[in-house]
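A.B. asks: I have a structure here, written as structure tokens, and I will follow up with some questions on it.
The values are calculated or read from the model by the stated rules, or taken from the named source; none is laboratory data. Just so we're clear, the structure is a prediction, and the values are computed from it rather than from any experiment. With ideal geometry, Cβ positions are generated from the backbone for all residues, glycine too; neighbour counts draw on all protein chains shown. Ligands, DNA and RNA are excluded from the accessible area calculation, which covers all protein heavy atoms including side chains. Shrake-Rupley method; radii C 1.70, N 1.55, O 1.52, S 1.80 Å.
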Amino acid sequence: MPRKGKSSLSRVSSQRQAKRLARSLESLEDAELRRQEQAERQAAFRASETPSQRQERHFEQTEQRQATLRATETPDQSQRRRLEQAERQATLRATETPAQSQRRRLEQAERQATLRATETPAQSQQRLFEQAERQAALRAAETPDETQHRLIEQAERQSTIRASETPEQTQARRDANAQLQAERRQNFQINNWSVFNDAAFNYDPLIDYRNHRLVVIGLMDKACRFSSALKWKDETAGMCCSNGKVSLPLLGEPEEPLKTLFLYDANESRRFINRIRKYNSCFQMTSFGVDREIIMPGFSPTFTVQGQIYHRIGSLFPAENEQHKFLQVYFMGDEEIEVDRRCQFIQGVERDTVFKIQRFLHERNILVKTFKTALEILPEEDYKVVIHADRTPRGEHERRYNAPLINEIAAVISGDQFSSRDIVLRARDDTLQRVADTHKFYDALQYSLIYCKVQEGYHFQIPLINSVTKEPTPNKKVSCMDFYTYHMMLRENDFNLLARYRQLFHQFLVDMYVKVESEHLRYISLNQKKLRVENYIHLQDAVSSDASLNPRNLGKMVILPSSFVNSPRYLHEYTQDAFAYIRTYGRPDLFVTFTCNPTWKEITEELMPGQKSTDRHYLVARVFRLKVQIFSERCSASCIQLNGKKENYRMPTF
């Protein structure tokens, strides 16, 4: 078979060479006679052509010549040719009669219908994609005046078409639109993502898009089998208690009169809840300080600070010629004067409510009772009251603790045998002591209404437990984030005290998250060798590039790893990831902004009586995160379906 093909090609080549040789030997008369015969044969052949064959031949010849010419064109020649064609076409259309224009449009529509009828689905998809790209390029190059002109022309064409409609055509169009809308609303009940295709271009205000079964994440009714915390079905299983490794006592129900004030079923209760931060400021025992408090203009129900948060505490009695404040107000001696002082110090609170809470704290707050006892036992001023940082109540399991007893909170000493994390109170002193954020009463001293029973806050001596045996795990401690996450969760048979504090809860969350970040930074500072900072390239460059620099005189440098959010290495790593995405998959096509709607059903159903979404920011954040996950999964599935291959698409999340 190969030999036969080779011999055929050789024979054709020989024939062509023989023909060229014969033509080179022709006389002028023979050459002219041959051309005449060829012309006669071609004329006879074309005379026998049908109109369709002639049309096809002209089209092929024109297409071949045009392709040859365009292949050799320079960009300037191509641009000039297009401009000339546009001018000729504009001139021709300007001289057309209305009948000619109508006939031309009909012919174009017929040709286009014929071509589209023979298209394959892949060709149709490719054509639509190219049209969309051309349209997007044209729209992007438009000036504002051109855009306005285009919209006006579209409106005029639409109104002209509508004005030329007969009553029957108008009714038919309306019926067709109504039928299409009815079908779309019916199809929207299908449990399939395809019902959202082109929904933005065919928006129907009567369709409740946000409550579709695929979009709604359901009720927060999935209880953790370890901690009984309520979660949504798609939330992380161990977010509340690390899969049973964290077990802490709950804050429980407040006693009267606080419980009644938190129920939001009376006018006094509503006024108390709306001014909850002011009432807490009346009874806080430490001063709350920040580097900078951010006050946003307009309505801003959030609590925002910048920098470090610190709590400070002074002596039990004020210095001479100074007024009582914070903890000192508790020891004024007369409850009426004490109430007056609190109302004078914080404006906008009701005296009767302050009186009720004040009497309750004097009777039930263990810290206040401890300080009073110390004052009664030792009336002299040459002593110190020390609140220990790591004392554990006697008779209790080392992992668990109840409300502390008087003699297990503080000790009265005259020397200086106390730790740097202990809280030391003097009888009279004009200096302030900074309370360590790792002290177990750091929270109770500042948030007297939240920790009304003086429950212990976070400290270093809370161990993790084995989820099976319920025994403490050696050398494993509960982190600050796990501690407060455990208390933030809602539980079905609990009073859920934190969720009722509204604006005070916002302040509490900001305060405690600063404590979480401080613990993270403290760990990084104390474990620089484990993080191998000597291998960081930036530190090496800094030492090697400066010949006059002595590494021994650098001092102690703390380098933040890339795991610390918004650190230089974190931002550098994300920048490199973005470059890698573009280098591998190309530039992004879309920049999608996904916003949260505070009236989503999942948010409003979990609010307590009288609450708004702004009272439960953490609830809004959890719902929004779940919605973004659904959106990302849907985008990934759509792009995979469009590209046909999973490896062609990656959905970065930020």
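A.B. asks: Regarding Val354, is this residue touching a residue at least 24 places away in the same chain (Cβ under 8 Å), in a helix (DSSP H, G or I), under 23 Å from Ile273 (Cβ atoms) and not polar (S, T, N, Q)? Before you say what the answer is, go through the steps one by one.
C.D. replies: Working: touching a residue at least 24 places away in the same chain (Cβ under 8 Å): yes; in a helix (DSSP H, G or I): yes; under 23 Å from Ile273 (Cβ atoms): yes; not polar (S, T, N, Q): yes.
Here the answer is yes, as Val354 does meet what is asked.
A.B. asks: Just the residues that are more than 24 Å from Lys627 (Cα to Cα), open to solvent by 90 Å² or more (accessible area, probe 1.4 Å) and among the hydrophobic types (A, V, I, L, M, F, W, C), please, taken from the range 573-596.
C.D. replies: Scanning the range 573-596 gives a single hit, Phe579.
A.B. asks: If you take the residues of the range 468-480 that are part of a loop (DSSP other than H, G, I, E, B) and more than 16 Å from Pro249 (Cα to Cα), which of them is farthest from the chain's Cα centre (by Cα)? Explain how you work it out, then say what you get.
C.D. replies: Taking the range 468-480 first, the residues part of a loop (DSSP other than H, G, I, E, B) are 468-471, 478-479.
Checking the rest, the ones that are also more than 16 Å from Pro249 (Cα to Cα) come to 468-469.
On the way: Val468: 36, Thr469: 38 Å.
Among those residues, the one meeting the criterion is Thr469.
A.B. asks: How many residues, within the range 325-338, are open to solvent by less than 50 Å² (accessible area, probe 1.4 Å) and either under 46 Å from the mean Cα position of the chain (by Cα) or among the small types (Gly, Ala, Ser) (or both)? It would help to see each step written out before you state the result.
C.D. replies: Let us first name the residues in the range 325-338 that are open to solvent by less than 50 Å² (accessible area, probe 1.4 Å), namely 327-331, 338.
Add one more test, that the residue is either under 46 Å from the mean Cα position of the chain (by Cα) or among the small types (Gly, Ala, Ser) (or both), and what stays is 327-330.
Here the count works out to 4.
A.B. asks: Is there any pair linking a residue in the range 470-486 that is over 16 Å from Tyr618 (Cα atoms) and open to solvent by 30 Å² or more (accessible area, probe 1.4 Å) to one that is outside any loop (DSSP other than H, G, I, E, B) and charged (D, E, K, R), with Cβ under 8 Å and at least six apart or on different chains, and which?
C.D. replies: Close Cβ pairs (under 8 Å, with a partner that is outside any loop (DSSP other than H, G, I, E, B) and charged (D, E, K, R)) amount to Ser479/Glu519.
A.B. asks: Quick one: in the range 199-249, which of the residues that are among the hydroxyl-bearing types (Ser, Thr, Tyr) and without any contact (Cβ under 8 Å) to a residue 40 or more places away in the chain is nearest to Val478 (Cα to Cα)? Step through it out loud before you land on a result.
C.D. replies: Initially, the range 199-249 is screened for residues among the hydroxyl-bearing types (Ser, Thr, Tyr), giving 203, 209, 227-228, 236, 242, 247.
Then keep just the ones that are without any contact (Cβ under 8 Å) to a residue 40 or more places away in the chain; that gives 203, 209, 236.
On the way: Tyr203: 50, Tyr209: 43, Thr236: 19 Å.
For the range 199-249, the residue satisfying everything is Thr236.
A.B. asks: Here's a follow-up. Would you be able to say whether some residue in the range 446-463 is under 26 Å from Val368 (Cα atoms), part of a helix (DSSP H, G or I) and among the aromatic types (Phe, Trp, Tyr)? Full working, then the answer.
C.D. replies: Step one: filter the range 446-463 for residues under 26 Å from Val368 (Cα atoms), giving 446-462.
Applying the additional criterion that residues be part of a helix (DSSP H, G or I) yields 446.
Those left that are additionally among the aromatic types (Phe, Trp, Tyr): none.
Within the range 446-463, not a single residue is under 26 Å from Val368 (Cα atoms), part of a helix (DSSP H, G or I) and among the aromatic types (Phe, Trp, Tyr).
A.B. asks: Which residues, counting only those in the range 133-172, are of a type in the set (Asp, Glu) and closer than 22 Å to Asp589 by Cα?
C.D. replies: Keep residues of the range 133-172 that are of a type in the set (Asp, Glu), which gives 133, 142, 145-146, 153, 156, 165, 168.
Scanning the range 133-172 gives Glu133, Glu142.
A.B. asks: Hey, any hits in the range 239-261 for a residue that's assigned to a strand (DSSP E or B), modelled with pLDDT of 90 or more and open to solvent by 40 Å² or more (accessible area, probe 1.4 Å)? So that I can check it myself, show each step before the final result.
C.D. replies: Initially, the range 239-261 is screened for residues assigned to a strand (DSSP E or B), giving none.
Within the range 239-261, none of the residues are assigned to a strand (DSSP E or B), modelled with pLDDT of 90 or more and open to solvent by 40 Å² or more (accessible area, probe 1.4 Å).
A.B. asks: How about the range 19-31: which of its residues are open to solvent by 90 Å² or more (accessible area, probe 1.4 Å) and outside any loop (DSSP other than H, G, I, E, B)? Give the steps one after another, and end with the answer.
C.D. replies: Step one: list which residues in the range 19-31 are open to solvent by 90 Å² or more (accessible area, probe 1.4 Å), which gives 19-21, 23, 25, 28-29.
Selection gives Lys19, Arg20, Leu21, Arg23, Leu28, Glu29.
A.B. asks: Moving on. Name every residue in the range 138-153 that is surrounded by 10 or more Cβ atoms within 10 Å (Cβ to Cβ), of a type outside the set (S, T, N, Q) and assigned to a helix (DSSP H, G or I), in order of residue number. Steps first, please.
C.D. replies: Start the filter on the range 138-153 by keeping residues that are surrounded by 10 or more Cβ atoms within 10 Å (Cβ to Cβ), which leaves 138-139, 142, 146-153.
Next cut, of a type outside the set (S, T, N, Q) only: 138-139, 142, 146, 149-153.
The answer is Leu138, Arg139, Glu146, His149, Arg150, Leu151, Ile152, Glu153.
A.B. asks: Can you find a residue in the range 154-166 that is touching a residue at least 24 places away in the same chain (Cβ under 8 Å) and open to solvent by 60 Å² or more (accessible area, probe 1.4 Å)?
C.D. replies: no
A.B. asks: Might you let me know whether the range 175-198 holds any residue that is open to solvent by 90 Å² or more (accessible area, probe 1.4 Å) and either in contact (Cβ under 8 Å) with a residue 24 or more places away in the chain or at positive phi (or both)?
C.D. replies: Checking the range 175-198: at least one residue is open to solvent by 90 Å² or more (accessible area, probe 1.4 Å) and either in contact (Cβ under 8 Å) with a residue 24 or more places away in the chain or at positive phi (or both).
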